[in-house]
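Take a look at the structure below.
All of the numbers you see were taken from the coordinates with simple rules; none came from a lab. Since we're looking at a predicted model, the values are computed, not measured. Methodologically, a virtual Cβ is constructed for each residue, glycine included, from the backbone with ideal geometry; neighbour enumeration extends over all protein chains shown.
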Amino acid sequence: RKNLSVLSPQQVELAKMLIEMEQSHLFKQWPEPGVEDDEKRAFFDQIERLNSSYPGGLASYIRTARELLADSKAGKNPFDGFTPSVPSGEVLTFGDDNFVQYEEAGVREARKAAFVLVAGGLGERLGYNGIKVALPSESVAGTCFLQYYIESILALQDASCRLVQGNCPAEIPLVIMTSDDTHSRTVDLLESNAYFGMKPTQVKLLKQEKVACLIDNDAHLALEPNNKYRIQTKPHGHGDVHSLLYSSGLLSKWHDAGLRWVLFFQDTNGLLFKGIPASLGVSATKWYHVNSLAVPRKAKEAIGGITRLTHKDGRTMVINVEYNQLDPLLRATGHPDGDVNSETGYSPFPGNINQLIFELGPYMGELTRTKGSIKEFVNPKYKDSSKTAFKSSTRLECMMQDYPKTLPPSARVGFTAMDTWLAYAPVKNNPEDAAKVPKGNPYHSATSGEMAIYRANSLILRKAGVKVGDPVLDTFNEQEVEVWPRIVWKPRWAITFAEVKSKVRGNNTVTDRSTLAIKGRDIVLEDLSLDGALLVDAVDGAEVKVSGSVRNKGWVVEKVNHKDTSVPEEVRIRGFKFNKIEQLEKSFGEAGKFELKP
Ligand code: UGB
């Protein structure tokens, strides 16, 4: 009480709030006024930040925490009264007429879209020292994830404008949610690479704040172990993206500019944009307010399951049930074996890849009501079964895919499922953990993430009529993977299957030991026979026909041990590198018609 004289009027109000919320333990060790006054004010600076960054303020955080901790202690099932069942959604088959039509519809809509990348996570499971969006998605061209995302958005923007023939103001906005863990390194990555070709004004960074940790079931706030003037904080989860978008004012700006869609995506999926155009087309055609992209999911795989939940009172919703909850929910509702694979070899519940497409109007309406707050959860690790003490402090968390939980039953919530090879290859696990993944389940490692890109591009070219060599099985960092020809292309070469088909003519062949990098927009493969390595670059307007027989010693895949610290971290975590023995490399720097025929 005596220390109040040290504080500003706003800080005094916050101090009173803390006392009312039974947080007086925070001040127990405070010395007399006049001693460490700057530290006391700094303490309240942090309290002010924690208060203003949480919808409803810190008092609301503490109240919610008490409720959720009481529910957790009582063992209350968050799905009490709900029965799970398999929802129905749009299932796409890559390359068929339906897929191509949805892609065209999606490209048409893309100029009315805004993209939101959640990239505040440190990626503890991966253990990589840098930010995850700076990791190369593949090592033929060395494109990092952020570059791949930005170049894909720009390619979609151009494709969308071409389709509507000029009637196009489009500069598709990109929002990146960062955190203290990732913010400055994300800014550096963008600035040192000229925003990968995007206008800096198109990109907006929103930084999420961490939330206060809690020491017990009464939601007493935790102090840092060695600092009585600092509240301990931890990440609140990707669900923060909704309140940040709401408070940024961006949604109404987008709405006024005629935008219609907001697409959310995660930090390390090198296949993501192969499924985006068609899924956006599904949203537009089916008028989905919420559309989640999904892939077949192995039972117990560490991705959420999209589930229809029907309550005893008749309410029903289609929602992600997180991987650690699906199995217990099924067991509690008459499925004694829990989450198991069906005869298809997969769980009947489609896997949520957390790529979400929201219609902007209904989304804005809902956020005006909720201020962007998302249903939270708490996951305390108790010391013993009395559930009275925690092993370490806990905090509330939230997930962006829980947004539909507060929607009325009239909301149109659906999903779009497609093959995993096309749309999902995240990089989440370090080599040791990936090597322990049960056989048949995906590794989700840097190794599998990169190999998945070569596989997808090979399969897409095959579908477009190219004869692509078969994969060989090999093992890197103790993970057995299919090694397909190392084929990559810039998103501006082709962002849809229709574009791929339009740039592949005649009889083309790529052997299994080949590497192919296509870096320019107006490059066409026509009667090419490739057995080796070929890298072609061309400025826009340089129309290059690549044909004839290209044969050289090529690039050989060489193993690298993940423990070999003489190799850069981003290379050794994938377990291989290229020995670039011989290649044909050609660059076309001016507009015109050219033929590359060795
Ligand atoms: N992220 C943030 O931006 N802020 C945070 O505070 C935390 C994370 P993880 P997770 O698709 O593979 C999700 O850790 O949480 C960003 C879905 O919940 O990679 O294990 C972070 O930077 C799950 O349903 O994923 O699981 C990253 O971009 C499942 O679908 C993103 O949030 C799974 O992803 C995800 O963080 C999946």
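Observations on the model:
- Packing order of peptides 63-76, 212-225, 501-514, 582-595, highest average first: 212-225, 501-514, 63-76, 582-595 (average count of other Cβ atoms within 10 Å over each peptide's residues).
- Gyration tensor verdict on region 535-578 (Cα atoms; rounded if a/c is under 1.5, prolate if a/b is larger than b/c, oblate otherwise): oblate
- Taking the DSSP beta bridges with both ends in the chain, the antiparallel portion is around 45 percent.
- Values of log10 I(q)/I(0) for region 181-280 across q = 0.16 Å⁻¹ run -0.98, by the Debye formula with one identical scatterer at each alpha carbon and no solvent.
- Take every Cα pair under 8 Å whose residues are at least 6 apart in sequence, average their separation, divide by the length of region 98-173, and the relative contact order is 42 percent.
- For region 417-449, trypsin sites (Lys or Arg not before Pro) meeting the loop criterion (DSSP other than H, G, I, E, B) and having at most 16 other Cβ atoms within 10 Å: LYS436, LYS439.
- Label-to-label distance, nm, for residues given as LYS381 and LYS439 (7 Å Cα→Cβ offset): 3.2 nm
- Most simply put, region 365-496 has about 90% antiparallel DSSP beta bridges, counting only bridges with both residues inside it.
- Contact order, relative form, for the chain: 14 percent (alpha carbon pairs under 8 Å, 6 or more residues apart, mean separation divided by residue count).
- Highest to lowest packing among 194-201, 126-133, scored as the average C-beta count within 10 Å: 126-133, 194-201
- The relative contact order of region 424-486, computed from alpha carbon pairs under 8 Å that lie at least 6 residues apart in sequence, is 32 percent.
- The long axis of helix 97-110 is offset from the longest Cα principal axis of the chain by roughly 60 degrees.
- Prolate/oblate/rounded call for region 1-153, Cα gyration tensor, a/c under 1.5 rounded: prolate
- Range of Cα positions in the chain per principal axis (Å), largest first: 85, 57, 53
- Rounded, prolate or oblate (a/c below 1.5 giving rounded, otherwise prolate when a/b exceeds b/c) for region 74-167 by Cα gyration tensor: oblate
- Helices in the chain, meaning DSSP H runs of at least 4 residues, each add -39500 (n - 2.57). Divided by all residues, the mean residue ellipticity at 222 nm is -9000 deg cm²/dmol.
- A simple spin-label model places the labels of ASN507 and ARG551 1.6 nm from each other, with each point 7 Å out along Cα-to-Cβ.
- Share of alpha-carbon pairs per 5 Å distance bin for region 341-420, given as whole %: 3, 10, 16, 16, 13, 13, 13, 11, 6, 0
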